[in-house]
1. Please work out if residue 202 is part of a helix (DSSP H, G or I), modelled with pLDDT of 95 or more and closer than 19 Å to residue 60 by Cβ.
2. Can you confirm whether residue 175 is farther than 30 Å from residue 58 by Cα, buried (at least 21 other Cβ atoms within 10 Å of the Cβ) and either within 19 Å of the chain's Cα centre (by Cα) or at pLDDT 85 or above (or both)?
3. Report whether or not residue 71 is more than 13 Å from the chain's Cα centre (by Cα) and under 26 Å from residue 217 (Cα atoms).
4. Counting residues that are without any contact (Cβ under 8 Å) to a residue 24 or more places away in the chain and within 18 Å of the chain's Cα centre (by Cα), which helices (runs of 4 or more DSSP H) fully inside region 13-63 reach at least 3?
5. In this structure, is residue 137 assigned to a helix (DSSP H, G or I) and under 17 Å from residue 166 (Cα atoms)?
6. So which residues in region 205-222 are free of Cβ contacts under 8 Å to residues at least 60 places away in the same chain, under 19 Å from residue 85 (Cβ atoms) and part of a helix (DSSP H, G or I)?
7. From the residues in region 145-169 that are assigned to a helix (DSSP H, G or I) and at pLDDT below 90, which one is nearest to residue 195 (Cα to Cα)?
């Protein structure tokens, strides 16, 4: 059965990838809205429930198979789960201190960090457009920081969102490596389980309650695990076998737009001119770095 699944994976085309990634984008865009609805719970508890429910929902698909290969590549698997846990801990915390628009814009600067890591770690070259993109992303980030300091008098939201972006970049890079060697379920189930376990430890050490919430909050926490995690993030993990981490990051560039529109519609959050300007600079920077920024050493094609 697994061989049949893997064979069909190898025959994927854009006709399959595009609708799956579009569905994933829509589902992920609801993540910040569900977090806001579930803020009776603390940020760490929300992150824990998200990953716990994702692990529970995928358990039957993992354990009820006739042939289940042993988990391999443990260091990379642990890195992926640890980075995912940190990503949600940081990003969900940022939503308590800033708007959905600022939080989601900054957490999606991960392509800039992925490209920079490729430059530093893998000896890839940063092109002229890549340098322009980095400058644009940094300028936009500075504007968003300044906007929060002036409007809210608080810098914690942007800082936590950027930390969430850094850990998201590490998660995507680790996932790209593992998805070349593992089926989807063999990757996502251990990764989600490791993240849930780590977040549970964080809650335990910090004496953060994970129970005792209203039924409405518990419903939102369950939906957070089902919609943006099981359907959203897993669709990106499915595509990581065929697409690079940077390409996946470019695809989520539309998330800030959708999340901001949803926040305006469902939460009544507005977007002022300063935030819009910062968002444009950040978005342009992400696009330039991800699309044109990095080339292999010695490559002259499209060097600009």
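1. So residue 202 fails the test.
2. no
3. On the way: more than 13 Å from the chain's Cα centre (by Cα): yes; under 26 Å from residue 217 (Cα atoms): no.
Considered against the rule, which asks whether it is more than 13 Å from the chain's Cα centre (by Cα) and under 26 Å from residue 217 (Cα atoms), residue 71 comes out as no.
4. Passing ranges: none, list empty.
5. Numbers: assigned to a helix (DSSP H, G or I): yes; under 17 Å from residue 166 (Cα atoms): yes.
When the stated conditions are applied, residue 137 passes them.
6. The one that is free of Cβ contacts under 8 Å to residues at least 60 places away in the same chain, under 19 Å from residue 85 (Cβ atoms) and part of a helix (DSSP H, G or I): 205.
7. 169
Here is a yes/no grid of residues against (1) in contact with a strand residue (DSSP E or B) (Cβ under 8 Å, 6 or more places away or on another chain); (2) surrounded by fewer than 24 Cβ atoms within 10 Å (Cβ to Cβ); (3) over 27 Å from residue 202 (Cβ atoms):
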residue: 79; (1), (2), (3): no, yes, no
residue: 96; (1), (2), (3): no, yes, no
residue: 130; (1), (2), (3): yes, no, yes
residue: 142; (1), (2), (3): no, yes, yes
residue: 154; (1), (2), (3): no, yes, no
residue: 157; (1), (2), (3): no, yes, no
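The values are calculated or read from the model by the stated rules, or taken from the named source; none is laboratory data. Just so it is clear, the structure is predicted and the values come from calculations on it, not from any experiment. All Cβ positions, glycine included, derive from the backbone under ideal geometry; neighbour counts span all protein chains shown.
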